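Following: one structure in structure tokens, then a few remarks.
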Amino acid sequence: MAEETLDLRALPKADAYAQLDGHVRAVLEGIDDPIAAMATISALVHHAFSHLWTGFYRVVEPGRLLRVGPYQGTLGCLDIEFGKGVCGTAASNATTLVVADVAQFPGHITCDARSQSEIVVPVFDPKRRLIAVFDIDSDRKNAFGPEDQRGLERLMGWFARKR
Ligand code: SME
């Protein structure tokens, strides 16, 4: 079961995220490697919901620069400065951003012209340092809401737990 990549689109979102959380923990059992976790979470979340783009931007210069990490989807931008675009703004504020329509977000960085809405969740290590942001793009407007925010913030708790 842990080896499968599940399609969870038919489930209510809260149930889908609960399943994903259990699945991620099962697959990563005994693993203490943030890059392996980023790759695994990107694959599972991307295919569970058939998103357009799903992945991580890692903090490579705290307060200044994000660089692309493990992801699924079409080619992502490599570097994003703190304060730029949705990812850089979420990183600067260290808070989740839900953007219903990316065309209305000043300074949105377009990596794939099909992207219509987006959620970006900060990722913290056990010392509460920002290590990355988790970015998901959809080809539909208004694809993300409070259940996605709750589910994804809980999922990102993997990186904050001491192992
Ligand atoms: N849309 C993002 C850029 C990253 S990609 O979409 C993969 C932004 O404005 O931060």
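Data for the structure
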| read-out | value |
| --- | --- |
| Relative contact order of segment 68-113, pairs being alpha-carbon contacts under 8 Å that are 6 or more residues apart, as % | 36 |
| Segment 5-78 - charge dipole about Cα centre, Lys and Arg +1 at Cβ, Asp and Glu -1, debye rounded to 20 | 300 |
| Where the Cα pairs of the chain fall when distances are cut into 10 Å bins, in % | 11, 44, 36, 9, 0 |
| Euclidean distance of C-alpha centroids, segment 102-163 and segment 21-100, integer Å | 7 |
| Stretchable slack from LEU6 to ARG161, in nm (0.36 nm times residue separation minus alpha-carbon distance) | 53.4 nm |
| Apportionment of accessible area to carbon and sulfur, segment 1-95, percent (1.4 Å) | 53 |
| Net charge of neighbours whose Cβ lies under 13 Å from the Cβ of GLY107, counting Lys and Arg as +1 and Asp and Glu as -1 | -1 |
| Longest site-free stretch - the chain; sites: GluC sites (Glu not before Pro), DSSP loop, at most 12 other Cβ within 10 Å | 30-163 |
| Cleavage-rule hits, trypsin sites (Lys or Arg not before Pro), segment 1-99, DSSP coil, Cβ neighbours within 10 Å at most 15 | ARG9, ARG64 |
| In the chain, lysine pairs closer than 28 Å at Cα, eight or more apart or cross-chain | 5 |
| Dmax and Rg, reported as Rg then Dmax, of segment 80-163 (C-alpha, Å) | 12.8, 41 |
| Percentage relative contact order, segment 9-119, counting C-alpha pairs under 8 Å, at least six apart | 16 |
| Where the chain is the region considered: accessible area per residue in Å², 1.4 Å probe | 50 |
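The values are calculated or read from the model by the stated rules, or taken from the named source; none is laboratory data. Worth saying up front: this structure is predicted, and the values here are computed from it rather than measured. Because the Cβ atoms are built from the backbone with ideal geometry, glycine has one as well, and the counts that use them run over all protein chains shown. Areas reflect the complete protein model, heavy atoms only, side chains present, ligands, DNA and RNA absent. Shrake-Rupley method; radii C 1.70, N 1.55, O 1.52, S 1.80 Å.
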